[in-house]
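Reviewing the structure listed below.
Only the coordinates and a few stated rules stand behind these numbers; no lab work does. None of these values were measured; they are calculated from a predicted model. Methodologically, a virtual Cβ is constructed for each residue, glycine included, from the backbone with ideal geometry; neighbour enumeration extends over all protein chains shown.
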Amino acid sequence: MIYTENELKKKIYKMIEDFESEVVEFKEATSNYSFNEIGKYFSALGNEANIRGLNEAWLIFGITNNKEIKGTNYRKDGNLQSLKKEITNGTNEKLTFYDIYCIEMEDRRVIAFQIPPAIPGIVTTWHGASYAREDESLVPLPMNKIDLIRSQVGRDWSKEIV
């Protein structure tokens, strides 16, 4: 689902109220943020959204762990949307963001990355490694979660006796 600005603001305020979960991550990212970390979060949040049967996950810049809207200057020069293409170079299946939103909240710039869930049966990886969320940390995707995603594939009839 693509959101209007008002829908997205309501959604973000609700996420702030509920605060971080395995499928929502807030980062202050005042001026810069590691592209590699964005890729890791893309993998982790997408995998977690798949496991929970959700349609999306979120990485949001400009909001602190204290639930304060501080704003961000990340890629303020205007090349924000190029991240969609850039992220495909590091993911399997050439996945990318559903959308990247840049909105004003409380007179501050907030960036919301809308991340798709992992494809059923296929773990989302970043440069060949799959990630997950544990509390507020990024960790390698545990085998039990890998199995949960892989088990979503239907029966392989090509292996059956005819």
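Would you grab the residues whose amide H sits under 5 Å from the one on K27? Only those 5+ places off in sequence or on another chain, please, with H modelled 1.01 Å from N.
The list, which skips near neighbours in sequence, is I60, F61, G62, I63.
Which cross-chain or sequence-distant (5 or more) residues have an amide H under 5 Å from the amide H of S130, H modelled 1.01 Å from N in plane?
Residues meeting the amide H criterion: L141.
Which of the peptides 31-39, 94-102 is most tightly packed, and how do the rest follow, going by the mean number of other Cβ atoms within 10 Å of each residue?
My ranking of the peptides, most packed first, is 94-102, 31-39.
Provide Rg and Dmax in Å for the chain, with only Cα atoms included in the calculation.
Here Rg and the maximum Cα pair distance are 16.6, 65 Å.
Report the local net charge at D77: Lys and Arg +1, Asp and Glu -1, summed over other residues whose C-beta lies under 15 Å from its C-beta.
The answer is +2.
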